[in-house]
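Below: one structure, written as structure tokens.
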Amino acid sequence: MIVVRPYILILGTAMAGMALTSCLDEYPKGEVEEAEAYTSVAYIERDLVGDLYNYIGGDSPSHGLQGTIRGVYDWNSVTTDEQMMPVRGADWDDGGFWNRLYNHRWTSSDGELSSTWKYLYEVISRCNRSLYFIDRYRYRLVLTNEQYEAFTAEVRGLRAMFYFYTMDMFGNIPLVTDYNTPVSDIRQSPRSEVFRFIFNELQEVAPYLKGERSNELGNYYGRFTRPVAYFLLAKLALNAEVYSDNDWTDGIRPDGKSIYFSVDEKQLNAWETVVYYCQEIYDLGYRLEEYYGTNFAIHNEVSKENIFVIPMDNNLYSNRFNYIFRSLHAAHGGAIGWGTENGTCATVSTMNAYGITEDNPSKRDPGEIDSRYYINFHSDTVLVKGQKVNDGYGNVLVYHPLEVAENLTGSPFERNGGARMAKYETDFTASEDGTLQNNDIVLFRYADVLLMQAEAKVRNGGSGQEEMDFVRSRVHEKIREATLDNLLTERLLELMWEGWRRNDLIRFGKFTELYDHRVNAVVDNTGYTTVFPITGDVLSLNPNMVQNPGY
Amino acid sequence: MYHESVKKNDSWYFHLFLKKKEGENLVIQIFVHIFASKNSNYISTMKTVSKRRITLCLLLSLIVTTGLEAQNRSFVLSDDSTHNIGGSTVVIDQKRMNRGLMTNSLQALTGQAAGLNVQTSGANRMAMLNSVRLRGTTSLTGGNEPLVIIDGVYSNLSALSGIYPADIESFTILKNAAETAPYGSQGASGVIVVTTKKGQGAQFHISYDGNIGFEAAYKQLDMLDANEYVATARQLHKPYVDGGNDTDFQRALRRTGFAQNHHIAFSGGSDKQHYRASLAYMGENTVITNNSYRNFAAKLDVSQQAFDDILTIDLGVVGSSQRNNDIFDEQKLFYSAATQNPTYPNGPNASGGWDCNINATQINNPLALIVEEDKDKVLNFNSHIKLNYRIGKDWNVTAFGSYSFVSSENSQFKPTWIWAHGQADRSETKSEAWLGNIAVNWTHDWGVHHLAAKQMAEYQSHTTTAFNATVRGLSHNTVTNNNLAAGSMRQYGATGSSYMNDALLSFLTQVDYRLMDKYTVTVNARVDGSSMFADDHKWGLFPSLSATWDLRKESFFDDFDWLSQLKLRAGMGISGNLGGITAYNTLALLYPTGLVPWYGTATVTYTPKTNPNPDLHWERRGSYNIGADMGFFRNLVVLTVEYYHSNTRDMLYLYDVPVPPYTFDKMLANLGRMSNKGFEMGIGYSPIHKRDMELNINLNMSYQKNKLISLSGNYNGTYFSAPDMSSIASLNGAGFHGGNNNIVYQIVGQPLGVFYLPHCLGLVTQDDGTTCYEIEDLDGNGRINIEDGGDRYIAGQATPKWTLGSNISFRYYDFDISIQMNGAFGHKIYNGTSLSYMNMRGFPDYNVLTDAPKYNINDQTATDYWLERGDYLNFDYITVGYTFPRKLLSRHISALRLSLSINNPATITGYSGLTPMINSFAVNSTMGIDDKRSYPPYCSYSLGFSIQF
């Protein structure tokens, strides 16, 4: 028999165990460790710059500047007189969410607002991370100065764009530019400071950005190029009166004529700055398309008008476009081959602006109707590939553009009230109920540039008639005088469904008015609702944060 | 028969389901309904038994009484089972395992131990697997499921469900820290030790047991039928479609379920070697079409003694192959079945398509949905070897090694005519686990002292790899998911694979000291090292201490004849938990994110997707328990009581972190605290204990109180204060997307899972004649604002405060009868089904309950109006058996038994929905809410046969 001493066994057991401690190290195989990721210049550019383009659009709620629901787009559109989401029977009550948007009754506990904030800052933080790592590897991988400037310019430009959306929504926001900032150093800056920061950043990086078209297929498709920066600079300057105002509830706004920017070594006031950057965009070759619809066609990459788009491809990118899907009547979608949600529609005041004052098409004067009505909306009798559509109850589906109310439940127009979103050419090859379409989502385009230019000229005491005429004559509409009121209406007609309405209404001081049928709207005499509240979770997680006035 | 009642407030109904034998082959069912109400404000309807149903019941009963049976267990009776009720170490041997029709080993445990909750609602086994809880939820992130150890192999509930109940010798339930300590961190949420049957003795045995049974649903929702539907739509002047049929879609989905189990076992050997081999088959077609389960299992155990009995070798192999045909989306299916337009045909329309109201966007034709596939094929292979080497009198060494392999293949198919427009998915997960340990044991007795010590080292490694593929745009429905080439689209993210590995290294020292057979002290110290934590935090020390005092053996109790047993127990310990987390959380990793256009090519980029936490460490739970075991009058009555208290610290959870500066809003960290305390009691009463007659009544009860103490703390010197309130579960379906539809919350200072709701004062009639819920202005600000922090209050908890399990068994000569009951009390259920189906807003696109037109509620605001008491007492089964006396059997037959069972004969509850047995235990998005997804309650009738040679 083998004799084994017990203490040897105990010792042996313990030693065998010790020998195995190295087995507690982790070796992931399906992921890449950060320390080993940035081994070449190409990887740096792809994963620290290119990766950021995953977050312009999106495929989940609140994630994406446009295309997804309950995010930046909805807070800027469904909150206005442009479009709304009526309650339709069992659908779209959604805990009162859409009703709160329409009536401006949002609160700091709205989860969707919090998600939007988190999305915007997630991207800003990703930009800061990219800048941090580009700096870290700059000398290790010997980036040329040219490479370094190009990479950082693109990231800073994107970051400025996200700061623009965040500031526009939330006013006083934290300016974080260092990836490793501790929570205790995070506090809000006044809106004007954030505004100046964004403006300066864009001005600084613009020369290092490629002067290429971003909407065209090619090396710079979907990317932040110089015209995109110029567009944002013009947009920022146009809203300078709003953004320079740190106390937006006192009813006093600074005058754009006395807000100065240093542009091209000159001091220009806000309106001159707008005109300057609009001209720059023209000089880069942007023009109006002959046909309005070309910008929203399935293959709109060829548009010479679009400036910045979210690339869409049925088989490649995961970016979604939910707005037609959620707007069309289910039978309408069914006829196309999609299961659509029968939700959003244009408001009555929007319909009136388009010249629709009679619900019955035969009673309308065709001359009064803006030609863009037929492109922007599905309205009246629905045709799919030339065929009428059965509404599911055996009747022909007819949308009634003027039969819109906050709550259509029980009304005969519960399901078919309101004109629906068209605008983008119907892509019959789109999958996922039409949300994966091939038409790129248009964020910035040249018609807006012309209207900004016109408005700036008018506000500076000049005439914007020429620019406005370009826009109207392209759609074969009669000339209208370029007054501020007419310009605001023109922006609605031209830029319908494009996500600018809240921004426009605030600039024109009309966001707090009881427009359309907002009888239940919150009473806001100070303008506090022009800025959304900082949400409760953000406030509770960082004691430095201060709530916006009025909330 | 089916019964529905839509009720409010305090109406209670009792639904008694009796069976009475008359003559030879006739069975009559009697239904008794009693309504008692504190106020008359209840809505209730009762349908009398339809003729068809009586016929069905009679037919079933005829079949049942003329030849079939139930009873799954072998019939070995063990004498001391009543001694273990309700204590901390509960041993559930064969006698105490549940009888009746068993389709899953877990069912054998239901209601058998205080503090153990096995949720068996519905037929969805995966749901059941996820909701086995020992002493409730102690961790927020996970790892709340008890550890399952099958013959020494670290395993899980899913593997247990693959073992045939008759192959199980006993379950041992360990709950206290001192008892679970030897199993380390994985046993933090309790341990279920499963001992399977091995060969014994030298004699050759062969046995067969099996059962066959039918299942039939007995209750469904009382929706408007075709005539009522059309009449109501006309009356309300709403556009509707009359398809000219009268289809009960709930019934159309159903069938008579059928279950059969067969098990055959051989054993034998000599005095130095034993073997046992068994083959088993379990099959169940549930009451819902296309929903079925199959399991084939084989098991072999060999034991050999060698070298003059110094070395003992035990070797075991278990293999099983399960096929689960699940319902892809229970909620969508049952929601569609209830609310589909009843005038549509019961089948495809004339053109071969499926009629569906296109305006009802949230539902599909249920008969088209039922064609969806969600199939799992799970292959389990398990092998272990144990060597026991005896060295002299006091020493022995054991070495144990095991390897297990699980391959789980999921295949899904969504046909072209429903929401997904033709989609097929295949995925496969393979996991491998190695375990090896070596232990040195020393025992020594001198005088009145007994000392046992153990030193063990153990290493475990666990690797999981997975692969998945999805295609859309199928050209043919007939190929389902058998040829993914039928799909035209493979989007980015539709294919993927993964690899994950973690390891655990442990050392255990255990000392057990007993004095005079009266005083026992056990000390455990276990050190666990996990690969999932960063270098500085890998190791955790988890000590425990327990003591027992057998008072009965003290001389001062000598005269107390009536006291047959009195033992005091106490224990305390610290355990660690990491069950809820996965590997690589401490590393800064980059993942492929998505495709972007990049220099003319669609390119995949890499990026982080979580905030890494290099400071991650063990979640710790400190607990103590104190209890007593008592026996009176020669153990005629035995009583076990125990109180426990545990405190979870450094709770692993995805905490909210401020954005900015963090990139993502959640971070896995150790911050919060939670406490659990409870009281458990078991009573066994054997009033009759004679040769020809025996009556045993067992009852276990447990009270549990959970509290979320804190969700904040310091991380890296920064104080994180997570929101005190966040939603766990909310409503789904038409008009319930987002907004204020959150129902169940976790709120600091409250138990996990409380209802936080607006208060409804009652129904009020509006100008247009419809009614709506009148909401109280609880915060007194003059307006109704029902968002969090506004007009809401804490209205009750989702987890039962009390649970009860009881078994009554009676034997008269060779006949025996056994009844098992289960109950849960003190919790509430949100009846989201009634909120949705009483809402007239969606009518006629969505059908409604028969009472809905009368109340004409045009409102779907979630208030406490539909919050109901969830108390219930369920009769799990009743089994009648006959064991043939030896004298009637031939020489080769050593035992023969027949039995007859009814599972789920009755539920006593005040809850008005389909069933109160919903998810009340597992903290997830369905917790506490009956939201259009309840599986129709059903009974099963079965006959069991068991023979041994």
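The values are calculated or read from the model by the stated rules, or taken from the named source; none is laboratory data. The structure displayed is predicted, hence computed values, not measured ones. All Cβ positions, even for glycine, are placed from backbone atoms using ideal geometry, and neighbour counts span all protein chains on display.
Worth pointing out:
Every residue, every condition in (1) within 30 Å of A:TYR132 (Cβ to Cβ); (2) over 22 Å from the mean Cα position of the chain (by Cα); (3) touching a residue at least 24 places away in the same chain (Cβ under 8 Å), yes or no:
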{"residue": "A:ARG187", "(1), (2), (3)": "yes, yes, yes"}
{"residue": "A:ILE198", "(1), (2), (3)": "yes, no, yes"}
{"residue": "A:THR225", "(1), (2), (3)": "yes, no, no"}
{"residue": "A:LEU232", "(1), (2), (3)": "yes, no, yes"}
{"residue": "A:ILE252", "(1), (2), (3)": "no, yes, no"}
{"residue": "A:GLU272", "(1), (2), (3)": "no, yes, yes"}
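- B:ALA525 vs. criteria aliphatic (A, V, I, L, M) and closer than 19 Å to B:ASN437 by Cβ: yes
- B:LYS332 vs. criteria buried (at least 20 other Cβ atoms within 10 Å of the Cβ), touching a residue at least 12 places away in the same chain (Cβ under 8 Å), closer than 30 Å to B:VAL241 by Cβ and among the basic types (Lys, Arg): yes
- Among the residues of region B:905-921, the one identified as within 16 Å of the chain's Cα centre (by Cα) and surrounded by fewer than 22 Cβ atoms within 10 Å (Cβ to Cβ) is B:THR915.
- Residue match in region B:549-559 (condition: outside any strand (DSSP E or B) and either surrounded by 19 or more Cβ atoms within 10 Å (Cβ to Cβ) or of a type in the set (S, T, N, Q) (or both)): yes
- Meets criteria (aliphatic (A, V, I, L, M) and surrounded by fewer than 18 Cβ atoms within 10 Å (Cβ to Cβ)) for B:ILE574: no
- Qualifying residue in region A:344-359 (condition: within 14 Å of another protein chain (Cβ to nearest Cβ) and in contact (Cβ under 8 Å) with a residue 60 or more places away in the chain): yes
- Filter result for the condition that a residue is aliphatic (A, V, I, L, M) and in contact with an Asp or Glu (Cβ under 7 Å, 6 or more places away or on another chain), over B:LEU515, B:LEU484, B:LEU504: B:LEU504
- Answer from A:SER125, A:SER115, A:SER108, A:SER130 - the residue that is within 13 Å of another protein chain (Cβ to nearest Cβ), of a type in the set (Ser, Thr, Tyr) and under 24 Å from A:GLU406 (Cα atoms): A:SER108
- Residues located in region B:862-896, provided they are buried (at least 21 other Cβ atoms within 10 Å of the Cβ) and polar (S, T, N, Q): B:THR863, B:ASN874, B:THR879
- Considering residues of region A:284-314 that are among the β-branched types (Val, Ile, Thr) and not in a helix (DSSP H, G or I) only, the residue surrounded by the most Cβ atoms within 10 Å (Cβ to Cβ): A:VAL309
- Residue within region A:523-541 that is acidic (Asp, Glu) and assigned by TED's automatic domain parsing to the domain that holds A:ASN306 present: yes
- Filtered by the rule that a residue be at the interface with chain A (Cβ under 9 Å from one of its Cβ atoms) and either without any contact (Cβ under 8 Å) to a residue 12 or more places away in the chain or part of a loop (DSSP other than H, G, I, E, B) (or both), region B:828-858 gives B:PHE843, B:ASP845, B:TYR846, B:ASN858.
- Of the helices (runs of 4 or more DSSP H) that lie entirely inside region A:165-283, those containing 2 or more residues that are closer than 23 Å to A:GLU122 by Cα span A:191-205, A:226-238.
- The set of residues in region A:267-308 being charged (D, E, K, R) and under 16 Å from A:GLU216 (Cβ atoms) consists of A:ARG287, A:GLU289, A:GLU301, A:LYS304, A:GLU305.
- Hits in region B:732-762 (condition: surrounded by fewer than 24 Cβ atoms within 10 Å (Cβ to Cβ), more than 14 Å from every other protein chain (Cβ to nearest Cβ) and at positive phi): B:GLY749, B:GLY762
- When region A:315-335 is filtered for residues that are in a helix (DSSP H, G or I) and of a type in the set (Ser, Thr, Tyr), the ones remaining, listed by number, are A:TYR323, A:SER327.
- Identity of the residue in region B:353-394, among the polar types (S, T, N, Q) and either at the interface with chain A (Cβ under 9 Å from one of its Cβ atoms) or assigned to a loop (DSSP other than H, G, I, E, B) (or both), that ends up surrounded by the fewest Cβ atoms within 10 Å (Cβ to Cβ): B:THR361
- Qualifying residue in region B:694-715 (condition: surrounded by fewer than 20 Cβ atoms within 10 Å (Cβ to Cβ), more than 30 Å from B:ALA360 (Cβ to Cβ) and within 11 Å of chain A (Cβ to nearest Cβ)): yes
- Filter pass, A:PHE532 being touching a Phe, Trp or Tyr at 6+ places or on another chain (Cβ under 7 Å), of a type in the set (A, V, I, L, M, F, W, C) and in a loop (DSSP other than H, G, I, E, B): yes
- Out of B:LEU515, B:LEU505, one residue alone is away from chain A (no Cβ under 14 Å) and at negative phi. It is B:LEU515.
- Filter result for A:ALA456 (more than 14 Å from chain B (Cβ to nearest Cβ), farther than 19 Å from A:ARG372 by Cβ, in contact (Cβ under 8 Å) with a residue 24 or more places away in the chain and aliphatic (A, V, I, L, M)): yes
- Residue selection: B:VAL641 satisfies the criterion of being in a strand (DSSP E or B) and away from chain A (no Cβ under 12 Å).
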